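Below is one structure; the comments refer to it alone.
The values are calculated or read from the model by the stated rules, or taken from the named source; none is laboratory data. Given the structure is predicted, the values throughout are model-derived calculations rather than measurements. Note that each Cβ is placed from the backbone with ideal geometry, even for glycine, and that neighbours are counted across all protein chains shown.
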Amino acid sequence: MTVDLRVLQLLCSRLCHELISPVTAINNGVELLEGSDEDGAREIKDLLVKSARQGADRLAFYRIAYGLGGDGAKAFTLHEIGALARGVVESGRVRLDWPEGHAGEARFGGAAVKLLLNLVVLAAEALPRGGTLAVRIGAGEDIEITVEARGENARLSPEIETALAAGVDVGALTPRSAHAYFTRVLAETARARWAVQATAPNAIGFTVAVPATV
């Protein structure tokens, strides 16, 4: 896979943006611990634990989504992939509807894992007012990945639509839209069939069919 240097720089900017909040919270919390009373120290320690977990979750996610952690022969269960996704996108505003039970024990590796994680982030960004991300996986000759974003005013912003289009000028990408461009490049590199469409009022569906041999 070949990616323009500017795209790599934009992805690095995005990753730093994702990490700056928990890292800053940890730094501020450590400074506040000095001179705090017992009750205050307890609250600060709770904040430190929460921020450290948030930072670790984001590092684990982007190591697979952007880095080499998702390449090679290692396979992940859907339960494991779901844990990575929840650590980054699930909040009070966004809920994951993820395969559970026996379906969650299915294993996937390589391009399918990277595409699934990147699609989850892309779909979450289509929910400006929150909602549900429904993830479905089917395996045969192709691995069929569907992520549907359901929520009030679910939509793709114009800059994301532009980044997903073929032949986009990488000079026009931003730290926010570079992720969409990178996801499309992943799909093309994996020889995957790709579609994004409105599936219902207030719902956007992302579908990728990845050859099982990739």
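Just a few scattered comments:
- One residue stands out among those in segment 107-128 that are β-branched (Val, Ile, Thr) and farther than 17 Å from Arg191 by Cα: the one that is surrounded by the fewest Cβ atoms within 10 Å (Cβ to Cβ), which is Val121.
- For Ala195, the test of being assigned to a helix (DSSP H, G or I), closer than 24 Å to Leu78 by Cα, modelled with pLDDT of 90 or more and among the small types (Gly, Ala, Ser) is failed.
- Qualifying residue in segment 1-8 (condition: over 30 Å from Ala172 (Cβ atoms), modelled with pLDDT under 85 and not in a helix (DSSP H, G or I)): no
- Residues located in segment 84-101, provided they are surrounded by fewer than 23 Cβ atoms within 10 Å (Cβ to Cβ) and either in a helix (DSSP H, G or I) or basic (Lys, Arg) (or both): Arg86, Gly87, Val88, Val89, Arg93, Arg95, Gly101
- Test: residue in segment 46-58 that is farther than 24 Å from Ala124 by Cα, within 21 Å of the chain's Cα centre (by Cα) and not aliphatic (A, V, I, L, M): no
- Pair list, Cβ < 9 Å and 6+ apart or interchain, from segment 173-185 residues that are part of a loop (DSSP other than H, G, I, E, B) to residues that are buried (at least 23 other Cβ atoms within 10 Å of the Cβ) and aliphatic (A, V, I, L, M): Leu173/Ala163; Leu173/Ala180; Thr174/Ala163; Arg176/Ala163; Ser177/Ala163
- Inter-residue pairs, beta-carbon under 9 Å, first among the charged types (D, E, K, R) and in segment 33-51, second surrounded by 15 or more Cβ atoms within 10 Å (Cβ to Cβ), 6+ apart: Lys45/Gly29; Lys50/Pro22; Lys50/Ala25
- Scanning segment 173-201 for residues that are surrounded by 12 or more Cβ atoms within 10 Å (Cβ to Cβ), of a type outside the set (S, T, N, Q) and over 18 Å from Lys114 (Cβ atoms) gives Leu173, Pro175, Arg176, Ala198.
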